[in-house]
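First the structure, in the form of structure tokens, and then the observations on it.
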Amino acid sequence: RHADRILRHLRENGESGYAVPRGGMYRWISCPNYFGEIIEWIGDRYSHRIEVVSPLPTLYAQRTTVQQIFLNLVSNAAKHHDRLIGRIEIGCAERDGDYCFTVTDDGPGISAARLARLFEPDFSRTGERVKASLGLFLSHGIVQKHGGRIEADSEPGRTCFSVFLPIAGPPAYTGAGG
């Protein structure tokens, strides 16, 4: 039950979601810089066209955990694409006190059944080997711990993930809770 152990270590006692690792420093991070790193990393592994389609802000957050969200979204878009050369767009806009980051691809889309369970842990077995797909589950928890939300919209030929993060920073640092 290796997968069960993984999940237990990602949660605090009594919680059902992911716990952002303690000790992570919140600081102002340059989204253009860390998205550049993600694009470089993904570009070395896949042949998709990845484009930033709008200016990216500076964000007050835990750099490594927030970067993990977007690394997961961009790498999933590349990994699950149905063509050798696809298009992935990264954007950001301000909406109601949040930054709304989007990762959109022109891949095959996600079925309605899978979309309904997208942010739950997923396990599959091949022979004796168990594969845990935890990326979206973890991303969902990280976004929530930063006081935001994540949504997905999909149809054949287009999938868009929207990540909303407070412009003012996480609730623990704005006096709003957390």
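The values are calculated or read from the model by the stated rules, or taken from the named source; none is laboratory data. What you see is a predicted model; the values in this text were computed from it and never measured. Cβ coordinates were reconstructed from backbone atoms using ideal geometry, including for glycine residues, and neighbour counts include every protein chain displayed. All accessible areas refer to the heavy atoms of the entire protein, side chains included, with ligands and DNA or RNA removed. Shrake-Rupley method; radii C 1.70, N 1.55, O 1.52, S 1.80 Å.
Pop out the carbon and sulfur fraction of the accessible area of region 49-125 as a percent, whole number, probe 1.4 Å. Let's see the in-between values first.
Details: 1940 of 3920 Å².
Carbon with sulfur: 50 percent of the solvent-accessible area.
Give me the net charge of Ala168's neighbourhood, meaning all other residues with Cβ under 14 Å from the Cβ of Ala168; Lys, Arg count +1, Asp, Glu -1.
Numbers: positive: Arg95; negative: Glu94, Asp96, Asp98.
With Lys, Arg at +1 and Asp, Glu at -1, the neighbours total -2.
Would you mind getting me the FRET efficiency between Trp28 and Asp96? Use the beta-carbon distance for r and R0 = 35 Å, nearest 0.05. Please list the in-between numbers first.
Numbers: r = 21 Å, r/R0 = 0.61.
That pair, Trp28 with Asp96, gives E of 0.95.
Give the accessible area for Arg83 in Å² (nearest 10); use a 1.4 Å probe, count only protein heavy atoms, and leave out ligands, DNA and RNA.
Here the accessible area works out near 110 Å².
Determine the gain in length on full extension of the stretch Leu118-Arg87; use 0.36 nm per residue of separation and subtract their C-alpha separation, reporting nm with one decimal. Provide the component values of the computation, followed by the final result.
On the way: separation 31, 0.36 × 31 = 11.16 nm, distance 2.15 nm.
Residue separation times 0.36 nm, minus the Cα-Cα distance, leaves 9.0 nm.
On a 1.4 Å probe surface of the protein chains, which of Lys79, Lys145 comes out largest in accessible area, and what is the full order? It would help to have the intermediate numbers written out before the result.
Values: Lys79 115, Lys145 75 Å².
In descending accessible area the options line up as Lys79, Lys145.
What does the charge count around Ala61 come to, taking other residues whose C-beta lies under 14 Å from its C-beta (Lys +1, Arg +1, Asp -1, Glu -1)? Provide the component values of the computation, followed by the final result.
Working: positive: Arg27, Arg63, Lys145; negative: Asp98.
Value of the local net charge: +2.
Taking the simple approach of a point 7 Å from Cα along Cα-to-Cβ for both Ser133 and Glu40, what is their distance in nm?
3.0
With every protein chain kept in the model, how would you rank Tyr60, Tyr34 by accessible area, 1.4 Å probe, largest at the top?
On the way: Tyr60 50, Tyr34 0 Å².
From most exposed to least exposed: Tyr60, Tyr34.
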